[in-house]
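S.K.: Mind looking over this structure? Questions follow.
Derivation of every value follows stated rules applied to the coordinates shown; laboratory data play no part. In this text the structure is predicted, and so the values were computed from the model without any measurement. Positions of Cβ are backbone-derived with ideal geometry, glycine not excepted, and every protein chain shown enters the neighbour counts.
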Amino acid sequence: MKKAFCFLFLFFSLALFSNAQELNKTVVDTTLDREVIIGYCNRFGLSWGEFQPYLAEEYEAYKPHPRCIRKSKKKNENIEVLIVLGTWCHDSQTQVPRFLKYFDEAGFKEDQLTMIGVDRSKTAGDVDISSLNIERVPTFIFYRDNKELGRIIETPKKSLERDSYKIIRKKH
């Protein structure tokens, strides 16, 4: 039994380590002459480098509407959110931290969120996002049971929390 446990532990540790190498990958954008995140990323990847000040400032300053937060808490089960962002993009630098604040306050779990960084050509390196039809970033895509419910593209119409709630309250 101990051998089996040790084997499983080692297997999952190696699997996590190998996946972690693909997370938060950066490339130098020669047009901008700076590093940008490309492919799958997480908050840790956004919390250092040039994106970090935006993440910290916008997250702290943003105050989501409490009523939308309460309503979203009741509807966030079985919701998954995919954010396609550009760390080089002003709208991503503003809207992604604000969305993360809403996401946290509305009680979503971290495993309900996937983020993918793209370059200025809207490609994500080894991650194929062509089927997502991304034209502008950030794009927030909401899913329930693997079915797309709706999107917020670039900037919200009213506010991130109001637009998000309007999407997640849909049946399908």
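S.K.: Report, in order of residue number, the helices in the chain meeting two criteria: a C-alpha extent of 27 Å or more along the helix axis, and a mean Kyte-Doolittle hydropathy of at least 0.5; treat each whole DSSP H run as one helix. Walk me through the numbers before you get to the answer.
M.R.: Details: long enough: 2-21 (29 Å, 1.17).
Flagged H segments are 2-21.
S.K.: Given the -39500 (n - 2.57) contribution per DSSP H run of 4+ residues, what per-residue ellipticity at 222 nm results for the chain, rounded to the nearest 500 deg cm²/dmol? Could the numbers behind the result be given before it?
M.R.: Numbers: 6 runs with 69 residues, N = 172.
The helix-only estimate for the chain comes to -12500 deg cm²/dmol at 222 nm.
S.K.: Further question: Label points 7 Å out from Cα along the Cβ direction at T155 and V28: separation in nm?
M.R.: Distance between label points: 3.4 nm.
S.K.: Ok, one more. Students often get this wrong, so check it: of K101/K147; K71/K122; K74/K122; K63/K109, which have C-alpha atoms separated by over 27 Å?
M.R.: Correct reply: K71/K122; K74/K122.
S.K.: Hey, another quick one. For the chain, what does the relative contact order come out to in percent, with C-alpha contacts under 8 Å and a separation of six or more?
M.R.: 23 percent
S.K.: Another question about this same structure. Highest first, please rank the peptides 95-101, 162-168 by the mean number of other Cβ atoms sitting within 10 Å of their residues.
M.R.: 95-101, 162-168
S.K.: Treating region 102-172 as a set of equal point scatterers at the Cα positions, no solvent, please give the Debye-formula log₁₀ I(q)/I(0) at q = 0.26 Å⁻¹.
M.R.: Each listed q corresponds, in turn, to -1.38.
S.K.: At a 10 angstrom cut-off on C-beta neighbours, averaged per residue, how do the peptides 148-155, 121-128 rank from highest to lowest?
M.R.: Numbers: 148-155: 16.0, 121-128: 14.1.
Top to bottom by mean Cβ count within 10 Å: 148-155, 121-128.
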